[in-house]
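In what follows, a single structure is set out as structure tokens and then discussed.
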Amino acid sequence: MTPSTLGVGILGAGPVTQAIHLPTLARLTDVFHVVRVMDVDPAVAESVAGRVGAAWTADVDELLADEEVQIVVICSPHQFHAEQVVAACRAGKRAILCEKPFAMSKAQAEEIATVAAETRTPIIVGAMHTFDPGWLAAKAHWDDLITTSHTIRYSIVLPPNPRFEDFATEVATRPQWPAADRNDPDVAAGMIYGGIMGLAIHDLPLVRAFCPDFTDVEVLSCTLPYPAGYLVNLRVGQKDVQVSAVNSHSWEPEWTVEAIGDSSALRIDFSPSYVQAGSATAVIRRGWESEVYGPYAYNGYEGEWRFLAELARGTAEPLDITELIHDLTFALEVADKSAAAVREATAAANEKVMA
Amino acid sequence: MTARLTVSASSDADSEGRIGQALAALPMSLHPGGEDADLVGLAGGTDWVSAAVRAIDAGARGVLVVDPTPAEVRALRGSTVPVVLDGRWTYNPAVLDSVSAFTARNDAESLIEVRADVPVGSDLDRVLLSQLALIRTAIAPVVELSFDRCNSRGWDARGTLESGARVALAAILTDALEPAASLRIIKPDDAVRLTVPDPATARPGHVVVSSAGGATLLVTKWESAHRVAWRTLHRLVTSEQLGTDLLGFEHDVELVRGGRTALSAA
Ligand SMILES: NC(=O)c1ccc[n+]([C@@H]2O[C@H](COP(=O)([O-])OP(=O)(O)OC[C@H]3O[C@@H](n4cnc5c(N)ncnc54)[C@H](O)[C@@H]3O)[C@@H](O)[C@H]2O)c1
């Protein structure tokens, strides 16, 4: 820690703070130091703060009032994100990193935009793959793939999070999820909505990058796999899109995004969440030839923090917040329509069983 | 000693199905023959069924059809001559080697994904039949099929198996990717993944079975699908068996007709 490093304050000190952000910050000690950690559970706040020699509190206002806190990172559960982003803007912080999703409605997102414009606070959302050097390299080399791609695929085979959290750190607390009856249409719809807004949301901004007509969303079908996940076939403008994820204990995690056209195609394989395993690898194929970008030495978590430092120091242009709002409204629309489709399909299947 | 059978093939069957290469790779079992050859290789164009009937009437003891187009096969039903349908992917040795791993995981909680990357301008009907044949061979026949979308770039469809397993079927028409098919089953605790390249070469398919304990790559075999198809026909003829290709094909053709009707009605 030197006076020249940027002071970080953390709201919410669960597994994401412990396994993602603190290990990332440990790679960037020449840029940042953690000043204060806040969690509603004082024991968690104290123990996590103790790991990095920071002060702790159970009070949001106390953290925001701390002048040494220049950058705020919001890692509380999603329902608190919007109000905490607004409060951090109002507290005059230099930059904010909010874990995804940064709001749960368009109205909330617009409120954030208004306040951020007023206070001139740069905000980024922790959609780490948008900062992954593999993705950025692909973006620099894909030529006209935005126009020529016709088929977009976004597929995740997700291992249990603790497997990777435990590689990344020693986690102090872990939430428990109650089991629910997925034959209940509302439960099924809730699982899909949660899956899209909690997991798919990571790379829906990447999908949207290939869908200029992203407001024209039609869900063709939605399937709820076992034990959880989603498989959604969509038409987005002229693009044929499939977004899928399955939770599995199998030993082959997968996290890929593909954009495919007649004569060129991009495939990106991301490294697993939580661990510092380097960047994604992007392959642009044109028939029998391919260009490979990455893996680079650091991943999107480090990428987002590096960008945050540039924002706080005024050496990078802030992101256009309307793009973040578009990312959110696109995700909300996919989530709403997919949940409605699975609710209907589950109810129809129940009726068939009754008949 | 292996019984050596003679083979004749039309030139389009030869070029589509690389029959000359398959024979060259099975010199003890097969040998080029003339009009009265034991086995006949046919291209799978529109009139392949009548060509097969003619070959059988003329005395052929076995018939192999390369990449058959949808057709009514009733005329072949009563025949005692084996007919092997050499679709794009089914005879890749990796497919046959994947069967036990797939079938052990085929139940109502399974999600099966199958995807075909094929060149722009491919005959969609044939691709679909090859895709259904792949699922049928590796796991079980698809019993219900409906299309979410089907256009000049490919399709997304959903199906179910008798077990209740759900299947997502996709085809993507592109010249950017190597032609290939992939099939995977994902379960809460484990998964099986099969990739099958185009049959034009002996590039191997791969099967990976993975669970919480790790992932295992099954034995890799550099044998072309066409060679396996011809070996199969040889075995069926010499052991006086019929094989199940025609029955399976008939089932799939009926399913596709139903699916297409549902699609156009939607
Ligand atoms: N970027 C990624 O890879 C990634 C991965 C998983 C989750 N996430 C996101 O990160 C966030 C945190 O995830 P998690 O798994 O650590 O969540 P969690 O719910 O397990 O933990 C959140 C922590 O916040 C605390 N908390 C609860 N209410 C609070 C409040 N009002 N203010 C401050 N703290 C509060 C809880 O006590 C808990 O310690 C979520 O928004 C999630 O969507 C991101």
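Readers should treat all values here as calculations from the given coordinates under stated rules, not as data from a laboratory. Owing to the predicted nature of the structure, the values given are computational and were not obtained by experimental measurement. Neighbour counts run over all protein chains shown; Cβ positions are idealised from the backbone, glycine included.
When the square roots of the Cα gyration tensor eigenvalues are ordered a ≥ b ≥ c, the ratio a/c for the stretch B:152-266 is under 1.5, which makes its shape rounded. Remark on the stretch A:6-125: ratio of C-alpha radius of gyration to 2.2 N^0.38 Å is 0.98. Counted over all Cα-Cα pairs of chain B, pairs farther apart than 25 Å make up 44 percent.
In whole percent, what relative contact order does the stretch A:6-125 give with Cα contacts below 8 Å and a gap of six or more residues? Taking the mean separation of contacting Cα pairs over the length of the stretch A:6-125, I get 24 percent. Database remark: amide H of residue B:109 closer than 5 angstrom to no amide H (H placed geometrically; neighbours at sequence offset of 5 or more, or on other chains; Pro and chain starts carry no H). Cα-based values for the stretch A:1-50, radius of gyration first and Dmax second, are 10.7, 31 Å. For the residues A:338, A:221, A:250, a GNM of chain A with alpha-carbon springs under 10 Å puts the largest fluctuation on A:250. Each eigenvalue of the Cα gyration tensor of the protein assembly as shown, multiplied by 5 and square-rooted, gives one semi-axis; in descending order these are 54, 23, 21 Å. Of all segments of chain B bounded by GluC sites (Glu not before Pro) found in a DSSP loop with no more than 12 other C-beta atoms within 10 Å, the longest spans B:73-161. Estimated from helices alone, the mean residue ellipticity of chain B at 222 nm is -10000 deg cm²/dmol (sum of -39500 (n - 2.57) over DSSP H runs with n ≥ 4, per residue). Each residue, residue A:143 and residue A:104, gets one label point 7 Å from its Cα in the Cβ direction; the gap between the two is 4.6 nm.
Summarising the overall dimensions of the stretch B:1-63 from its C-alpha atoms, the Rg and Dmax are 11.4, 38 angstrom. Treating each Cα of the stretch B:79-192 as one equal point scatterer and applying the Debye formula with no solvent, the log10 of I(q)/I(0) at q = 0.12, 0.20 Å⁻¹ comes out as -0.42, -1.09. The percentage of C-alpha pairs in chain A whose separation is greater than 33 Å is 29%. Under the criterion of Cα pairs below 8 Å and six or more residues apart, the relative contact order for chain A equals 20 percent. For the protein assembly as shown, the antiparallel share of DSSP beta bridges with both residues in that region comes to about 60%.
Note on the stretch A:199-294: Cα-only Rg and Dmax are 14.7, 39 Å.
How high is the relative contact order of the stretch A:68-213, given as a whole-number percent (alpha carbon pairs under 8 Å, six or more residues apart)? Once divided by the residue count of the stretch A:68-213, the mean separation gives 22 percent. Each part gets one Cα centre, and for the stretch A:205-242 versus the stretch A:46-75 those centres are 38 Å apart.
Which loop-located GluC sites (Glu not before Pro) does the stretch A:44-133 contain, where loop means any DSSP state but H, G, I, E or B and the Cβ has at most 16 other Cβ atoms within 10 Å? Counting only loop positions with at most 16 other Cβ atoms within 10 Å, the GluC sites (Glu not before Pro) in the stretch A:44-133 are A:67, A:68.
Among the chymotrypsin sites (Phe, Trp or Tyr not before Pro) in the stretch A:264-326, those placed in a DSSP loop whose Cβ has at most 14 other Cβ atoms within 10 Å are A:288.
Taking every DSSP helix (H) stretch of at least 4 residues in chain A, weighting each as -39,500 (n - 2.57) and dividing the sum by the residue count yields a mean residue ellipticity at 222 nm of -11500 deg cm²/dmol. Legend: calculated FRET efficiency, residue A:43 to residue A:79, from the Cβ-Cβ distance at R0 = 22 Å, rounded to 0.05, equals 0.50.
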